[in-house]
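What follows is a short report on a single structure.
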Amino acid sequence: MYLSLSGRKRTGFISACVAVILYTTYTLACGFYSNRVLQEDLVPSVVIEVPDEALRPDSENVALHNPSDAHESPTKIEAPRPVGIGTANATMVMLARNDEIDGVLSSMATVENRFNREHGYPWTFLNEVEFTEEFKSRVKNATSAHVSFGLIPDEHWSQPNWIDEVMATKGRKKMAQAKIIYADNVPYRNMCRFNSGFFYKQPILQQYRYYWRVEPNVRIMCDVKFDPFDYLRDNNKIYGFTIAFTEWEKTIPTLWSTVKEFMVKHPEYVNEDNALGFLSDNKGKTYNLCHFWSNFEIADMNFWRSEAYEKFFDYLENRGGFYYERWGDAPVHSIAAALFAPKEQLHFFRNIGYRHEPFQHCPSGADYEGLNCECKAGDGLDYAPQSCIRRYENLFSGK
Ligand SMILES: *[C@@H]1O[C@H](CO)[C@@H](O)[C@H](O)[C@H]1NC(C)=O
Ligand SMILES: *[C@@H]1O[C@H](CO)[C@@H](O)[C@H](O)[C@H]1NC(C)=O
């Protein structure tokens, strides 16, 4: 867990505890496309501190997950209901490889059963190689909604020619020595860059405004009894999340200084009512590493298509940090959403239960009622020390 990664003392997290999460043998079950993976040797045994208010009488083991449960993903989809009810200009979107088909079907099953079979939003799949016929037919069979497949052009997926390969190799070696996950992995960097600056430019996505990003092997843990796309549209929100965490500092050593330069050059893009307090604990001097977990996003592509974000992405791209370092799409998206939009346009989907190994968000209190959740109310890391939810809430509480 990146508890210990941001220069903080690991012992700081080992204090009064209610639960222990032990993932000593976590495997890369989520494939390349998973943003977050535990680093075994940095997690001997992690004791998560959960504040009293997170403890609920109805759940004794607040933060205790049972990883084995999470793997029983039913790939069988219940009988389809009438489709076409969803009215938003939106699509489900998944970046996947052919060999991830099992994880793809498992994610689709939870999204369809918990939400989409009542709404019929189309699915869009993206890959840097052609999907096989088998992949396509199995995916089509898993939903009654429209499905389309897009091939990512090479220039959106590969390391640009102008990147200095000697410098990039040096950066990867340094990261490997620091035992950072995906340290010397170039495809992973291609993916982070693609998700940061190119997915919403794919021709197949031009017809849509809103998207729900789904990854292989994730779970929607409760029924979603509302339409999150309508919610964004009707409330003029641009970005919705379920989990917010701190990033590994070693993957982004110069990201924040680059962001600060950009803000000085382009003060016109920084919103007056921004969410800088989510990103920085000292008014912008340093980055506190907080970001929304981008493997789940329900958001407005027109924000990524805006001039502010386009200029921002180009500025980052020209620095080469996607390759010289390992800038992730999660901090890149989060920083942009927090700075260029008013904070009221961000949204914490408290009422959506979501799990991406090994973390989850489970609704609590009134939000939990009647959703047939497969998780215990509040059982997640919302208020664990490395979570950034509290900082998000403080944006709105005048702190
Ligand atoms: C299609 O889906 C049904 C129901 O989930 C399943 O029984 C069937 O085996 C699937 N067919 C193919 C070709 O995957
Ligand atoms: C959906 O949104 C896209 C992007 O804003 C837009 O180009 C398209 O016309 C919209 N479609 C409808 C039906 O409103």
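The values are calculated or read from the model by the stated rules, or taken from the named source; none is laboratory data. Note that the structure is predicted; figures quoted are calculated from it, not measured. For neighbour counting, all protein chains shown are included, and Cβ atoms are generated from backbone atoms with ideal geometry for every residue, glycine included.
Per-residue answers, yes or no, for (1) charged (D, E, K, R); (2) within 16 Å of ILE238 (Cβ to Cβ); (3) crowded, with 22+ Cβ neighbours inside 10 Å:
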| position | (1), (2), (3) |
| --- | --- |
| ALA275 | no, yes, yes |
| ALA299 | no, yes, yes |
| ARG305 | yes, yes, no |
| PHE312 | no, yes, yes |
| ARG319 | yes, no, no |
| TYR323 | no, no, yes |
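Within the range 186-236, being on the phi > 0 side of the Ramachandran plot and either basic (Lys, Arg) or touching a strand residue (DSSP E or B) at 6+ places or on another chain (Cβ under 8 Å) (or both) holds for one residue alone: ASN217.
Note on the range 199-231: residues that are of a type in the set (Phe, Trp, Tyr), within 16 Å of ligand 2 (Cβ to nearest atom) and assigned to a loop (DSSP other than H, G, I, E, B) amount to 1.
Quick one: is GLN159 surrounded by fewer than 19 Cβ atoms within 10 Å (Cβ to Cβ) and within 16 Å of ligand 2 (Cβ to nearest atom)? Please lay out each step first, then the result.
Values: surrounded by fewer than 19 Cβ atoms within 10 Å (Cβ to Cβ): yes; within 16 Å of ligand 2 (Cβ to nearest atom): no.
Answer is no for this residue.
Is it true that some residue in the range 147-159 is out of contact with any Gly (no Cβ under 9 Å at 6 or more places or on another chain), at pLDDT 95 or above, assigned to a loop (DSSP other than H, G, I, E, B) and within 15 Å of ligand 1 (Cβ to nearest atom)? Outline the logic, then answer.
Step one: list which residues in the range 147-159 are out of contact with any Gly (no Cβ under 9 Å at 6 or more places or on another chain), which gives 147-155, 157-159.
Restricting the remaining residues to those that are at pLDDT 95 or above gives 147-155, 157-159.
Subsequent filtering for residues that are assigned to a loop (DSSP other than H, G, I, E, B) retains 152-153, 158-159.
Filter once more, so that each one left must be within 15 Å of ligand 1 (Cβ to nearest atom): none.
Within the range 147-159, none of the residues are out of contact with any Gly (no Cβ under 9 Å at 6 or more places or on another chain), at pLDDT 95 or above, assigned to a loop (DSSP other than H, G, I, E, B) and within 15 Å of ligand 1 (Cβ to nearest atom).
In the range 116-143, the residues that are within 12 Å of ligand 1 (Cβ to nearest atom) reach residues that are assigned to a strand (DSSP E or B) with C-beta atoms within less than 7 angstrom, at least six apart or across chains, in these pairs: LYS136/PHE149; VAL139/PHE125; VAL139/VAL147; LYS140/VAL147; THR143/TRP123.
Among what's in the range 162-194 and is assigned to a loop (DSSP other than H, G, I, E, B) and among the acidic types (Asp, Glu), pick the residue that is surrounded by the fewest Cβ atoms within 10 Å (Cβ to Cβ).
ASP164
Any residue in the range 115-125 that is touching a Leu at 6+ places or on another chain (Cβ under 7 Å), surrounded by fewer than 19 Cβ atoms within 10 Å (Cβ to Cβ) and within 29 Å of ALA308 (Cβ to Cβ)? Within the range 115-125, none of the residues are touching a Leu at 6+ places or on another chain (Cβ under 7 Å), surrounded by fewer than 19 Cβ atoms within 10 Å (Cβ to Cβ) and within 29 Å of ALA308 (Cβ to Cβ).
Each residue in the range 270-307 was checked for being in a helix (DSSP H, G or I), closer than 15 Å to HIS333 by Cα and either acidic (Asp, Glu) or more than 16 Å from ligand 2 (Cβ to nearest atom) (or both), and 4 pass. Would you be able to say whether some residue in the range 262-270 is away from ligand 1 (no atom under 16 Å from the Cβ) and within 24 Å of TRP162 (Cα to Cα)? Within the range 262-270 (the criterion being away from ligand 1 (no atom under 16 Å from the Cβ) and within 24 Å of TRP162 (Cα to Cα)), the answer is yes, since at least one residue qualifies. Report yes if LYS250 is surrounded by fewer than 17 Cβ atoms within 10 Å (Cβ to Cβ), farther than 20 Å from PHE303 by Cα, touching a residue at least 60 places away in the same chain (Cβ under 8 Å) and touching a Leu at 6+ places or on another chain (Cβ under 9 Å), otherwise no. No. Of all residue pairs spaced 6 or more apart or on separate chains, those with beta-carbon atoms under 7 Å, a first member in the range 359-388 that is over 15 Å from ILE220 (Cα atoms) and a second member that is β-branched (Val, Ile, Thr) and modelled with pLDDT of 95 or more are ASP382/ILE389; TYR383/ILE389.
Say whether the condition of being at negative phi, within 16 Å of ligand 2 (Cβ to nearest atom) and surrounded by 21 or more Cβ atoms within 10 Å (Cβ to Cβ) is met by at least one residue in the range 358-365.
Filtering the range 358-365 for residues at negative phi gives 358-364.
Of the ones still in play, those that are also within 16 Å of ligand 2 (Cβ to nearest atom) are none.
Within the range 358-365, not a single residue is at negative phi, within 16 Å of ligand 2 (Cβ to nearest atom) and surrounded by 21 or more Cβ atoms within 10 Å (Cβ to Cβ).
Scan the range 345-373 for residues that are more than 17 Å from GLU215 (Cα to Cα) and small (Gly, Ala, Ser) and jot them down.
Filtering the range 345-373 down to residues more than 17 Å from GLU215 (Cα to Cα) leaves 345-351, 362-373.
Result: SER364, GLY365, ALA366, GLY370.
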